[in-house]
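J.: Below you'll find the structure I mean.
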Amino acid sequence: MSGFHTLTVSSITPEGEAARAIGLAVPAELRSAFHFLPGQYLTLRAEIDGRDIRRSYSICSTPADEELRVGIKQVEGGAFSTFAQTLGVGDRIEVMAPEGRFVAEAGKVRRPLLIAAGSGITPVLSIARALLEADHGSEVTLLYGNRSAAQIMFRETLEALKDRFLDRFNLIHVLSREDQDVDISNGRIDAAKLRLLARKGLIDPGSHDGIYLCGPQAMTEACSAELKAMGVPEDRIRFELFTPADGGTVAPERRAAIVEKAAGDTEVETILDGAKRKFRMNGKQEKVLDAAHRAGIELPFSCAGGMCCTCRCRVAEGRAEMDVNYSLQPWEIEAGFILACQARPTTETLVLDFDAS
Ligand code: FES
């Protein structure tokens, strides 16, 4: 049960088609554990059909709110998102403390450009509300893409924010499958749309002190490349990935090359909360997280797909290769961090430090 706490569902609010915001009450003794920064996420876990299923969901409330809230959109065939539709007020659920580096703190970021698509709005809503409410000098621009008006999550909350902060909150909806009166608001958020909005003076990418992108990989990559081409410094652009463009699959040639390099017998030592545990594994057949699980060692994880970073650890000794990596930044790779859910040892010993920051 390492890292998880039991919280009680305190509210359920429908948000757009097949999505709901789930409120969680945090008891006084867990307040400090659940303190969060706008933009962070929670990992929820449940036993579904006998399996331990975990998913990360961004927090859509702000640190000033009474309850924690996450936005969950039902994904076709998604085990957890389908289960979440059955949750009711009073149900109890296992929740890991907030995590994530896609954050904006009031006072540190004052003029952000937020770009979101679909359920990518959840962390972005927390950032927008937190900055507007806590910093009276902040100005927030939000570009939000959906297929149709019916699919817009948090529509009423966004409209209320617009009414409340008329001079400081610029909200632009972009719909891909429903015509709006203003032509520029039709289509997808991509490089061409950013160029058009900038040309018309509706956004001014160079003037923002932080640009936050949240949505599918194709959108975040196309927009960050265009923003860099427009002269926005790379360190001002942050992104949170919801869906990898390749669906999280590894090209067969790449997997074969990594398996070829992997060691057939490795002694792995993990350091977590100061405790050292050892197990043996065959990197040609399994990855570190699966091998640890088989050995009865619980390591932190959520997506198991290389996206959330919950399993991030630093290689203190030995070497390992990852099948995929959608979340570690280049500087983290340089500093020796890897994702345990994707790592295969390439040496006979491997020491992984989960306490390293
Ligand atoms: S568990 Fe999400 S990246 Fe490894």
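Read-outs throughout are calculated quantities, based only on the coordinates presented, and are distinct from any laboratory measurement. Given the structure is predicted, the values throughout are model-derived calculations rather than measurements. We place every Cβ from the backbone using ideal geometry, glycine too, and count neighbours over all the protein chains shown.
J.: Considering only the stretch 279-305, state which residues are within 9 Å of the ligand (Cβ to nearest atom) and more than 16 Å from residue 339 (Cβ to Cβ).
T.: Matches in the stretch 279-305: none.
J.: Considering the stretch 199-217 alone, what residues qualify as being out of contact with any Gly (no Cβ under 9 Å at 6 or more places or on another chain) and not in a strand (DSSP E or B)?
T.: Step one: filter the stretch 199-217 for residues out of contact with any Gly (no Cβ under 9 Å at 6 or more places or on another chain), giving 199-204, 207-211, 217.
Result: 199, 200, 201, 202, 203, 204, 207, 208, 209, 217.
J.: Let me ask something else. Look through 319, 236, 255 and report the one residue that is within 30 Å of residue 103 (Cα to Cα) and of a type in the set (Lys, Arg).
T.: Of 319, 236, 255, the one residue that is within 30 Å of residue 103 (Cα to Cα) and of a type in the set (Lys, Arg) is 236.
J.: Look through the stretch 320-354, keep the residues that are in contact (Cβ under 8 Å) with a residue 40 or more places away in the chain and over 19 Å from residue 259 (Cα atoms), and return whichever of them is nearest to the ligand (Cβ to nearest atom).
T.: Filtering the stretch 320-354 for residues that are in contact (Cβ under 8 Å) with a residue 40 or more places away in the chain and over 19 Å from residue 259 (Cα atoms), the one nearest to the ligand (Cβ to nearest atom) comes out as 327.
J.: If you don't mind, there's one more thing I want to ask. Please state which one of 255, 277 is among the charged types (D, E, K, R) and under 17 Å from residue 305 (Cα atoms).
T.: When all the criteria are applied, what remains is 255.
J.: Could I ask something else about it? Do we find a residue being within 23 Å of the chain's Cα centre (by Cα), within 16 Å of the ligand (Cβ to nearest atom) and either farther than 26 Å from residue 100 by Cβ or not acidic (Asp, Glu) (or both) anywhere in the stretch 263-272?
T.: yes
J.: I'd like to verify a number: residues in the stretch 141-169 that are loosely packed, with under 14 Cβ neighbours inside 10 Å and outside any helix (DSSP H, G or I), how many?
T.: 3
J.: Take the stretch 306-319 and flag every residue that is over 19 Å from residue 250 (Cα atoms), within 13 Å of the ligand (Cβ to nearest atom) and not basic (Lys, Arg).
T.: 310, 313
J.: Oh, and also: Being surrounded by 13 or more Cβ atoms within 10 Å (Cβ to Cβ) and in contact with a Pro (Cβ under 8 Å, 6 or more places away or on another chain) narrows it down to one of 227, 202, so name that one.
T.: The match here is 227.
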